[in-house]
Amino acid sequence: MNARNAARGAAFEHELTFGAEPAVIYRENDAGAHGNFLAASYRRICADEGWRKRLKKSYTASARVPRAGDRRRGELECASSSDALLMNLFCYPRVLCRPQVCSLLGVEAGLKPEFGVRARIAMWRGEVDRTELDMRVGSLRVEAKLTEGGFGTASRERLMRYAAVEEVFDVEELPWSGELVQGYQLIRGVLAAEAEGARFLVLCDGRRADMTEMWFRVLRAVRSYEIRSRMALLSWQELAATMPAVVQVFLAEKYGIVAG
């Protein structure tokens, strides 16, 4: 993906990070266009106060950028940002009015997506985990992944601090590696959705068999069939097939995601 965007970046304001595999960081140009976004999506994002706030999320690897002090980089300016990909699609005009999209997601037409939503997961001793979910559309909660290494890990001690974990999961059936549980973000997503009686969808690249496998390993440990029925996995490729033609071209060119 970095090589694809490095070649594509010639037409847009961008810079490269240090490292063996430099990441492409785009920026808005003087005309108000941004190489990391579809033009129509970016206009809508900038015009919406709630969506625009998401652009302020800091880029965590700024120290690897030349002239790091000359401006503030945003996480969504990175070419491989899954948050940017999510907003490119769901902020595109009338996407959530398309019957194909709404049917695939199981949501009503015309809903407005929210990004970077804080969930509330009860923990022992009155604590609350306000984990962040990437998107909320009606009763649907979405976790989006693209090039990330995985879904994170947590210690057994940390996992057992969640009040409902043993009610929702057969804990010993979760994917353990020694005393670390894998798929931690997925576990939190399931717990967050269950706490709200919501549905939970994982969006990931269909080329990432490791992520698909991890999702099913976590899902297998869910005790209730009713809860399992509210959990789903979808690939960007499947979602791309429901998108307008201009969006499909953008996905193939920038991300190598081809409708399928």
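The values are calculated or read from the model by the stated rules, or taken from the named source; none is laboratory data. Please read these numbers as outputs of a predicted model, since none were measured by experiment. Using ideal geometry, Cβ is built from the backbone for each residue, glycine included, and neighbour counts are taken over all protein chains shown. Only protein heavy atoms, including side chains, enter the accessible area calculation; ligands, DNA and RNA are left aside. Shrake-Rupley method; radii C 1.70, N 1.55, O 1.52, S 1.80 Å.
Data for the structure
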{"read-out": "Size descriptor, Kirkwood hydrodynamic radius, that averages inverse alpha-carbon separations across the stretch 169-260, Å", "value": "14.5"}
{"read-out": "DSSP-loop trypsin sites (Lys or Arg not before Pro) across the stretch 169-260, with at most 11 other Cβ within 10 angstrom", "value": "none"}
{"read-out": "Rg/Rh ratio calculated on Cα atoms of the stretch 125-177 (Kirkwood radius)", "value": "0.99"}
{"read-out": "Efficiency of FRET from Cβ geometry, Arg52 and Phe18, R₀ 30 Å, rounded to 0.05", "value": "0.55"}
{"read-out": "Carbon/sulfur fraction of accessible area - the chain, other protein chains in place, 1.4 Å, %", "value": "50"}
{"read-out": "Pairs of alpha carbons in the stretch 21-61 whose separation is greater than 15 Å (percent)", "value": "48"}
{"read-out": "Beta bridges per DSSP with both ends in the chain, % antiparallel, nearest 5", "value": "70"}
{"read-out": "Mean accessible surface per residue for the chain, computed with a 1.4 Å probe while every protein chain stays in place, in Å²", "value": "47"}
{"read-out": "In nm, spacing of pseudo-spin labels at Glu157 and Glu108 (7 Å Cα→C-beta vector)", "value": "4.6"}
{"read-out": "Top of Tyr162, Tyr225, Tyr42 by mean-square fluctuation, Gaussian network on the chain, Cα under 10 Å", "value": "Tyr225"}
{"read-out": "Model label zone, Trp176; criterion: amide N under 18 Å from point 7 Å along Cα-to-beta-carbon; scope the stretch 211-243", "value": "217-223"}
{"read-out": "Extension reserve of the Ala252-Arg43 stretch, reckoned as 0.36 nm per residue once the Cα distance is removed", "value": "73.1 nm"}
{"read-out": "Whole-angstrom gap from the stretch 240-260 to the stretch 169-201, using each part's C-alpha centre", "value": "31"}
{"read-out": "Cα-based Rg of the stretch 53-166 normalised by 2.2 N^0.38 Å, two decimals", "value": "1.30"}
{"read-out": "Reciprocal mean inverse distance between Cα atoms of the chain - Kirkwood radius, Å", "value": "19.4"}
{"read-out": "Distant-in-sequence amide H partners of Ala144 (H built 1.01 Å from N, under 5 Å)", "value": "Asp134, Leu203"}
{"read-out": "Alpha-carbon centroids, the stretch 81-147 and the stretch 214-232: separation in whole Å", "value": "19"}
